[in-house]
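> I am attaching a structure below and will ask some questions about it afterwards.
The values are calculated or read from the model by the stated rules, or taken from the named source; none is laboratory data. Not measured: the values here are computed from a predicted model. Glycine gets a Cβ as well: all are built from the backbone with ideal geometry, and neighbour counts include every protein chain shown. Keep in mind that these areas ignore ligands, DNA and RNA; they rest on the heavy atoms of the full protein, side chains included. Shrake-Rupley method; radii C 1.70, N 1.55, O 1.52, S 1.80 Å.
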Amino acid sequence: MDEQRLLALVDRMTPEEKIAQLQQLIGAFYEGFHDVELLTGPMEELGISQEVVRASGSALNLSGAETITRVQQAYLENNRLGIPLLFMADVVHGFKTIFPIPLAMGCSWNLELAEESARVAARESAVSGLHVTFAPMVDLVRDPRWGRVMESTGEDPYLNALFARAMVRGYQGSDLKGDTERLAACVKHFAAYGAPEGGREYNTVDMSERNLREYYLPAYRAAVDEGAALVMASFNTVDGIPASGNEKLMRGLLRGEWGFDGVLISDWASVRELVAHGAAEDDREAALRAIRAGLDIEMMTPCYVHHLPELIEQGAVDPKWIDEAVLRILKLKDKLGLFEKPLRGADPAREKELLLSPEHRRAAYELAVESCVLLKNEGGVLPLAPEAKVALIGPYAESDDILGWWSCNGERKDAQPLGAALAERLGAGRLTAVPCGLDRVTAAELDAALAAARSADTVVLALGEASEMSGEGAARTDIRLPAAQLELVRRVKELGKPMAAVLFNGRPLDLSGLYEEADAVLEAWFPGTEGGAAVADLLVGRRNPSGRLTMSFPRAVGQIPVHYNQFSTGRPFQPGREGDRYVSKYLDCPNDPLLPFGFGLSYTDFRYGEPVLGSDRISRDEPLRVSVEVANTGRRAGVETVQLYIRDVAGEVVRPLRELKAYVRLALEPGETGKAEFLLTEEQLRYHHSDLSFASDPGAFRLYVGGNSRDTREAAFTLVGQASAF
Ligand code: BGC
């Protein structure tokens, strides 16, 4: 439909019909359409009438081709103007075929596989009737106490932006109308939800606008520039005003400055929560603030439907705002082709054929392999020796809790636990698996574990957090492994056997009590449906680990936030001068993290040459060529992620000690030398100045190239040209 026809449709709608388009409700409301019992339940609590349900614009978290077909058909029978219902859901890391959690996916540094994961997720969801996914979540994160770090790709604005784009492309493709096996993407949570004070869920976010623009906004911006059809407002405050009622943020920055003309949706109940925040006296004022801020859809609370009519009548709300919001929602429905095909991709036969198809499982397997990060490997414990007898011990030895939070439609029964996958690979008699509790190891479990360890050549501990220990509402102040698991580590260690650990968890952990004790540590995160097979293949050496951390692992909670792109101070700590008192340091802990951003080992070794610069100068017209030779000096083929960082030595505003600017993944055979080549432009040296202008500072720069953000080779160059504004 062209815009004129959509406008004409808006004209024909009654005020009630328009406002109902702005209401989003959970699927249960529609499922029970003819079910009077249900209608007297939650609907009554929310004070939502049957008329509003019948006319509401969108539903969330309902899926299944048959269900959605039934609900859509019933809905349309009652809809005077034939405006179809939109179905949205959280398809965050896969629909039925579950991919590794986003934090793990980030560690692959593999944008093609990430895009493919979104394409697969879109396909499965679209044939199951969905239209919109509440993804990608692109919040930058620096605090592993926060449970939702598992949904993010990590602490770096540049890498997060690349993943944001890849995910939007994967979900949406290039033609939402023609390709009904894609989904519209809703980037979230706008803005800076990933910076809650103390890592406590839903807590205050307060930062300078410069900090916000420099680090937190780039990934949302990238998703919007890539064409994300929706944006979700976050729960938190931004500069004192909750995002859902933040006019400067939404009408000003998102729509005005960035030109976003898609649909803006609240988070769950976040309009009404303006009251709890202390930013509105009541639902009426909450509705006023949210609509004035430019929020189109209210998820799960009824402030709009209850109060917009009176607010319009009183002249507090311009009816034009409502018309604009409705038009945006109708445009989204049109963009998805719903006016012509209200059932869109929903197709029970396709659903049967595609969900968990071998092709989809293969994609999930590949990403799971590439997401795992080898954190330590001493004495060549991994890969497991071909003839070794292995004891697999711990809560994850046979657990299928490997999908991770936000795998709403995924089913654990479809995931093969590590123990079964490893048994297949090691062959009969070589594996003894001894599972135990996650928070409590009974005396019998401990005895069995120690007996198995004694008669094995190598012990593999399968440890971690339960999936519900990360995700929404799962902040923790102590991010060590549960005490019972650390005790298990200690007892097994006493046996003196080679000991490797595999970790299943949704956040960087404080690895005290494990990292020093184990000879090898493989971080598997929550690897998804094919995680068991992927981890087993890595353990036996059929595949070679290549993942790199995208979030630093702290030495202790007291260091948090600890991230690679920190600033210097006026009194920086000098390594080797621990005795200096009046420097920026802790008395009881080093400044640097245990494992830095970009870190990850391989079963082979890589040797770096010196970075070669095409010039010692860069200017607006002349980019800088940088190359580095990397040799695979080990005995296995492997992938090295060659990372390029810069430091702006002196800026108007102080700059991070290192900033990732580019990377190349090199696949190298044993003995092979490859060359990573980069082209650095002046534009990549720009940043937000104190007046918020985005410009570069002529002068000295350092450049670092290496396999992680800490162990690098260095060079220098100068940016020549006009000084910028300051
Ligand atoms: C979460 C969102 C999610 C929404 C809908 C909220 O609690 O913060 O990320 O999209 O629920 O399920």
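> Is at least one residue of segment 545-553 in a loop (DSSP other than H, G, I, E, B), in contact (Cβ under 8 Å) with a residue 12 or more places away in the chain and of a type in the set (A, V, I, L, M)? Walk me through how you get there before you give the answer.
Narrowing segment 545-553 to residues in a loop (DSSP other than H, G, I, E, B): 545-552.
Now restrict to residues that are in contact (Cβ under 8 Å) with a residue 12 or more places away in the chain: 545-552.
Then keep just the ones that are of a type in the set (A, V, I, L, M); that gives 549, 551.
Scanning segment 545-553, I find at least one residue that is in a loop (DSSP other than H, G, I, E, B), in contact (Cβ under 8 Å) with a residue 12 or more places away in the chain and of a type in the set (A, V, I, L, M), so the answer is yes.
> Quick check, is residue 714 of a type in the set (Asp, Glu) and under 22 Å from residue 553 (Cα atoms)? I'd like the intermediate steps shown before the answer.
Working: of a type in the set (Asp, Glu): yes; under 22 Å from residue 553 (Cα atoms): no.
So residue 714 does not fit the description; no.
> Another question, then. Kindly indicate whether residue 521 is in a strand (DSSP E or B), farther than 23 Å from residue 642 by Cβ and either open to solvent by 20 Å² or more (accessible area, probe 1.4 Å) or touching a Phe, Trp or Tyr at 6+ places or on another chain (Cβ under 7 Å) (or both).
Details: in a strand (DSSP E or B): yes; farther than 23 Å from residue 642 by Cβ: yes; either open to solvent by 20 Å² or more (accessible area, probe 1.4 Å) or touching a Phe, Trp or Tyr at 6+ places or on another chain (Cβ under 7 Å) (or both): yes.
The answer is yes for residue 521.
> With the requirement that a residue be within 16 Å of the ligand (Cβ to nearest atom) and out of contact with any Lys or Arg (no Cβ under 9 Å at 6 or more places or on another chain), what does segment 228-252 give you? If you could, list the steps in order and put the result at the bottom.
Filtering segment 228-252 for residues within 16 Å of the ligand (Cβ to nearest atom) gives 228-238, 242-244.
228, 235, 236, 237, 243 - these are the residues of segment 228-252 that are within 16 Å of the ligand (Cβ to nearest atom) and out of contact with any Lys or Arg (no Cβ under 9 Å at 6 or more places or on another chain).
> Of everything in segment 258-274, what is among the acidic types (Asp, Glu) and in a loop (DSSP other than H, G, I, E, B)? Give them in sequence order. Let's see the steps before the verdict.
Taking segment 258-274 as the starting set, the residues that turn out to be among the acidic types (Asp, Glu) are 261, 267, 273.
261, 267, listed by residue number.
> Here is a follow-up. So is residue 145 open to solvent by 20 Å² or more (accessible area, probe 1.4 Å), touching a residue at least 60 places away in the same chain (Cβ under 8 Å) and either closer than 30 Å to residue 212 by Cβ or within 16 Å of the ligand (Cβ to nearest atom) (or both) or not? Talk me through it step by step, then tell me what you get.
Numbers: open to solvent by 20 Å² or more (accessible area, probe 1.4 Å): yes; touching a residue at least 60 places away in the same chain (Cβ under 8 Å): yes; either closer than 30 Å to residue 212 by Cβ or within 16 Å of the ligand (Cβ to nearest atom) (or both): yes.
The answer is yes for residue 145.
> Additional query: Out of everything in segment 394-409 that is within 15 Å of the ligand (Cβ to nearest atom) and under 12 Å from residue 529 (Cα atoms), what residue ends up being most open to solvent (accessible area, probe 1.4 Å)?
From segment 394-409, those within 15 Å of the ligand (Cβ to nearest atom) are 404-409; that's our starting set.
Now narrow it down to the ones that are under 12 Å from residue 529 (Cα atoms): 404, 407, 409.
Numbers: 404: 7, 407: 19, 409: 40 Å².
By that ranking, first place goes to 409.
> Can you give me the number of residues within segment 410-440 that are in a loop (DSSP other than H, G, I, E, B) and either open to solvent by less than 40 Å² (accessible area, probe 1.4 Å) or at positive phi (or both)?
Taking segment 410-440 as the starting set, the residues that turn out to be in a loop (DSSP other than H, G, I, E, B) are 410-411, 415-417, 427-430, 436-440.
Subsequent filtering for residues that are either open to solvent by less than 40 Å² (accessible area, probe 1.4 Å) or at positive phi (or both) retains 410, 415, 417, 427, 429, 436-438.
Qualifying residue count for the region: 8.
> Inspect all residues belonging to segment 131-138 and state whether any of them is among the hydrophobic types (A, V, I, L, M, F, W, C), within 16 Å of the ligand (Cβ to nearest atom) and open to solvent by 10 Å² or more (accessible area, probe 1.4 Å). Give the derivation first.
Filtering segment 131-138 down to residues among the hydrophobic types (A, V, I, L, M, F, W, C) leaves 132, 134-135, 137-138.
So of that shortlist, the ones also within 16 Å of the ligand (Cβ to nearest atom) come out as 132, 134-135, 137-138.
From what's left, open to solvent by 10 Å² or more (accessible area, probe 1.4 Å): 137.
Within segment 131-138, one or more residues are among the hydrophobic types (A, V, I, L, M, F, W, C), within 16 Å of the ligand (Cβ to nearest atom) and open to solvent by 10 Å² or more (accessible area, probe 1.4 Å).
> Going by what's in this entry, would residue 380 be described as open to solvent by 40 Å² or more (accessible area, probe 1.4 Å), assigned to a loop (DSSP other than H, G, I, E, B) and not acidic (Asp, Glu)? It would help to see each step written out before you state the result.
Numbers: open to solvent by 40 Å² or more (accessible area, probe 1.4 Å): yes; assigned to a loop (DSSP other than H, G, I, E, B): yes; not acidic (Asp, Glu): yes.
Against the criterion (open to solvent by 40 Å² or more (accessible area, probe 1.4 Å), assigned to a loop (DSSP other than H, G, I, E, B) and not acidic (Asp, Glu)), residue 380 qualifies.
> Does any residue of segment 112-128 turn out to be hydroxyl-bearing (Ser, Thr, Tyr), within 16 Å of the ligand (Cβ to nearest atom) and surrounded by 24 or more Cβ atoms within 10 Å (Cβ to Cβ)?
Our first condition is that a residue be hydroxyl-bearing (Ser, Thr, Tyr); within segment 112-128, this holds for 117, 125, 128.
From what's left, within 16 Å of the ligand (Cβ to nearest atom): 125.
Going one step further and asking which of them are surrounded by 24 or more Cβ atoms within 10 Å (Cβ to Cβ), we end up with 125.
The answer is yes, given that some residue of segment 112-128 is hydroxyl-bearing (Ser, Thr, Tyr), within 16 Å of the ligand (Cβ to nearest atom) and surrounded by 24 or more Cβ atoms within 10 Å (Cβ to Cβ).
> Give me a count of the residues in segment 659-695 that are in a loop (DSSP other than H, G, I, E, B) and open to solvent by less than 10 Å² (accessible area, probe 1.4 Å).
Pass one, segment 659-695, residues in a loop (DSSP other than H, G, I, E, B): 669-672, 681, 686, 689-693.
Add one more test, that the residue is open to solvent by less than 10 Å² (accessible area, probe 1.4 Å), and what stays is 689.
Qualifying residue count, segment 659-695: 1.
> Of the residues 506, 528, which is open to solvent by less than 10 Å² (accessible area, probe 1.4 Å), within 16 Å of the ligand (Cβ to nearest atom) and of a type outside the set (Lys, Arg)? Walk me through how you get there before you give the answer.
Details: 528 fails: within 16 Å of the ligand (Cβ to nearest atom).
Criteria check complete, one pass: 506.
> Can you tell which of 193, 202 is in the same structural domain as residue 328 (by TED's automatic domain parsing), within 14 Å of the ligand (Cβ to nearest atom), open to solvent by 30 Å² or more (accessible area, probe 1.4 Å) and of a type in the set (Phe, Trp, Tyr)?
Details: 193 fails: open to solvent by 30 Å² or more (accessible area, probe 1.4 Å).
Exactly one residue qualifies, and that residue is 202.
Rundown of residues vs (1) closer than 24 Å to residue 197 by Cα; (2) part of a loop (DSSP other than H, G, I, E, B), yes/no style:
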| site | (1), (2) |
| --- | --- |
| 232 | yes, no |
| 276 | yes, no |
| 288 | no, no |
| 291 | no, no |
| 305 | no, no |
| 315 | no, yes |
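> Could you list all residues from segment 153-172 that are in a loop (DSSP other than H, G, I, E, B) and either out of contact with any Pro (no Cβ under 6 Å at 6 or more places or on another chain) or assigned by TED's automatic domain parsing to the domain that holds residue 659 (or both)?
Taking segment 153-172 as the starting set, the residues that turn out to be in a loop (DSSP other than H, G, I, E, B) are 153-156.
Within segment 153-172, 154, 155, 156 meet the criteria.
> Going through segment 253-289 one residue at a time, which ones are away from the ligand (no atom under 15 Å from the Cβ) and of a type in the set (Lys, Arg)?
255, 284, 289
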